[in-house]
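See structure below.
The values are calculated or read from the model by the stated rules, or taken from the named source; none is laboratory data. Owing to the predicted nature of the structure, the values given are computational and were not obtained by experimental measurement. Because the Cβ atoms are built from the backbone with ideal geometry, glycine has one as well, and the counts that use them run over all protein chains shown.
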Amino acid sequence: MNTQLKGDGLVHNLEAFGGDVESHYISAIKMPSMKVKADEVRRDSRPYMMPGFDEPLSEIGVTFVMDSPVDSTTSKVYRFLEMWRAFVRAGRGAMGNERAILRLGKKFRVNFRFPVTISLLRGNAKPIIHNAANLSNMYYGSLESLEAEVEGLSLEQKNARLQQILANGGVFTKSYPVSNDLEQCALFQVEGMWLSGFKISDLDYTKGNEISRIEATFFADSVTDLNQK
């Protein structure tokens, strides 16, 4: 059944995509090269290479881990890329039975290019470590009472109790009580990024211990180092 987007007038048969594609599904990124074309210029009898026109950014490669959620029969990473492809191809019609944007709106325009931020992280030289001894008595009693409570418990049970006490004190951690184990060291803004193509990695029955990946290719207008602005 076709759905009409309110306001734009786009007619499509795309399924709604809920939630986010978490960053941990990205396993590799190939950054583009920024080049200026070199032209040969002659001075007297000698040739020299001089800067000419700017070349477009080379392709950006992103490799995703193909998820297989137990509560769904489809990969949300694949659905996300499939939807982006539909916006890139808006107005061209579907290829086969794929979902597509069937009719453009009044302005005959579709936004298919988006800004993307790439953040690089490093280990923090001054991590903030929380433990039960540093928490206020507002969240727990004395350290002696804690020791008496966890006496006889297994290591897993002790860690679970410690995580509960830290959460009561407003410290939410998954594995270790460190709130800033990583810090941002670089931030890049990719302007006007759009999806060119994607494919599932080769399936080889002789390599059953390998996970499937989705290899996507993008193009963009420019890359800006936001930390240097």
Fill in the blank from the handout: Pairs returned, first residue in the stretch 210-222 that is more than 20 Å from Phe112 (Cβ to Cβ) and not assigned by TED's automatic domain parsing to the domain that holds Phe80, second residue that is of a type in the set (Val, Ile, Thr) and outside any strand (DSSP E or B), beta-carbon separation under 8 angstrom, 6 or more apart or interchain, are none
Exercise for the section: Could you check, for the stretch 208-219, whether at least one of its residues is modelled with pLDDT of 80 or more, loosely packed, with under 14 Cβ neighbours inside 10 Å, in contact with a strand residue (DSSP E or B) (Cβ under 7 Å, 6 or more places away or on another chain) and under 26 Å from Arg79 (Cβ atoms)? Expected result: yes
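So, in the stretch 199-229, how many residues would count as being more than 15 Å from the chain's Cα centre (by Cα) and in a strand (DSSP E or B)?
First, the residues of the stretch 199-229 that are more than 15 Å from the chain's Cα centre (by Cα): 199-212, 219-229.
Filter again for in a strand (DSSP E or B), leaving 199-200, 219, 222-225.
Residues in the stretch 199-229 being more than 15 Å from the chain's Cα centre (by Cα) and in a strand (DSSP E or B): 7 in total.
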Problem - Only one of Lys174, Lys158, Lys199 that is modelled with pLDDT under 80 and closer than 30 Å to Arg79 by Cβ - result: Lys174
